1. Quick check: pseudo-label points 7 Å beyond the Cα along Cα→Cβ at Thr146 and Glu348, how many nm apart are they?
2. Each residue of region 4-19 in turn: what ³J(HN,Hα) in whole Hz from Karplus with 6.51, -1.76, 1.60 and θ = phi - 60°, glycine and Pro shown as x?
3. Roughly how much of Thr137 is accessible, in Å² to the nearest 10, using a 1.4 Å probe?
4. Where in region 276-299 does the label zone of Arg135 land, with the point 7 angstrom along Cα→C-beta and an amide N cut-off under 19 Å?
5. Taking 56 Å as R0, compute the FRET efficiency from the Cβ-Cβ separation of Val179 and Phe339 and round it to 0.05.
6. Given labels modelled 7 Å from the Cα in the Cβ direction, how far is it in nm from Thr229 to Ile120?
7. Quick check: residue separation of Asp11 and Asp255 times 0.36 nm, minus the Cα distance between them. What number comes out in nm?
8. Using θ = phi - 60° and the Karplus form 6.51 cos²θ - 1.76 cosθ + 1.60, what ³J(HN,Hα) does each residue of region 300-308 get, whole Hz, x for Gly and Pro?
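The values are calculated or read from the model by the stated rules, or taken from the named source; none is laboratory data. Note that the structure is predicted; figures quoted are calculated from it, not measured. Glycine also receives a Cβ, built like all others from the backbone with ideal geometry; neighbour counts cover every protein chain displayed. Note: accessible area is taken over every heavy atom of the protein model, side chains too, but ligands, DNA and RNA are not part of it. Shrake-Rupley method; radii C 1.70, N 1.55, O 1.52, S 1.80 Å.
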Amino acid sequence: MNVIPPLTITDAMVTSSSVVEVAPAAYAGGTTYALNDTVSVAGVAGLQAVYPLIAGGQYRPHTSIFAYVVGEHREHVSSVFWGYNLRTGRTCAEQHTHLIYESLAGGNVGNALTDTTKWIEVGPTNTRAMFDLLRSTASTAPTEITVVLTPGVRTNSVALLGLVGDSATITATSGGVPVYSYTEDLTTRASAGWYAYYFGGFKYRTAFAVFDIPPYTNIVITITVTAATGDVSLGACVLGMYEFIGDVQYDAVSDVLNFSSVTRDFAGSTNTMVQRRNVPRTVQNIYIDKALVNSVRYLRDALNATPAVWAGIEDHGDGYFESLLIVGFYKKFSINLSFPTKAVISLELEEI
């Protein structure tokens, strides 16, 4: 079992990203705009400056009133200009935290995002969704996502989960010199025979992890997810230094918590069935050497109520790999010390 305690990805670590945020329509000089319309003009570094209209008719943007778009949701500005637009149910984004907030009140003008009677946090913006491990969110872009990360610390592992695409590539450089490259074909055709192999539909892998990146302190990691057509998504991008906590035994269990609901009438017939999320969970026993017990105890304390990546099998080509890959937290982490040279961990994991 390899465990990746995740690095917290800061703005300084994100060297570049192709996941662009959606701005309002570009300003057109000949267009008549209504009160509260918004327009955008191209800015530096691919950002968009967004302007609210403060009067009906034709309006030329002025640099004294603007905000950078950090999502499909306009940047929150505590001013009357934005107050007209921030009605109940409307959303805005905080540029520095990359979080989206929804307005809880009408006439929401000049109220700080920290005012929980006026605003509720609803999640990360599109560019940062892949780094948010506390919610089931994903970054999405048409045909390709490319993100370049400079951790600034030793990093030997990358886990990608919630993948939608045809292939994913991880490359790394140190001092501008290539030191690592791996491409995973996400298309697969699991089949029980020749007929299913030739005529069965394709399926797609949704997760994989690598644990062999050279741990240079100046490592620069590039992650690319591509698809021939349609959107690609990346639900979780986790970087860190993995820790080995022992060998998972053959009695491991892959399970789910089913949040769907079914109602029946007095005779037992189904009235309604509401499909909701299945939350993956795993149960496994792990054998570890006695010498590793203290380091595992320290890790247990460090990951208390903290999400991490847990990989029961290191070989991502193994048929059980995805079943035993969890980005989540432990519900049970007991260490049985009954044996003189080995200990047995009883571990129950639940996905975020």
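1. It is 4.6 nm.
2. My calculation for region 4-19 gives 10, x, x, 5, 7, 7, 9, 4, 5, 7, 7, 5, 7, 8, 8, 7 Hz in order.
3. Rounded to the nearest 10, that gives 40 Å².
4. Only 277-279 fall inside the zone, counting backbone N under 19 Å.
5. Working: r = 41 Å, r/R0 = 0.72.
The pair Val179/Phe339 has a calculated efficiency of 0.85.
6. Those two pseudo-labels are separated by 3.9 nm.
7. On the way: separation 244, 0.36 × 244 = 87.84 nm, distance 3.60 nm.
The span from Asp11 to Asp255 would gain 84.2 nm if fully extended.
8. 4, 5, 5, 9, 5, 6, 10, x, 8
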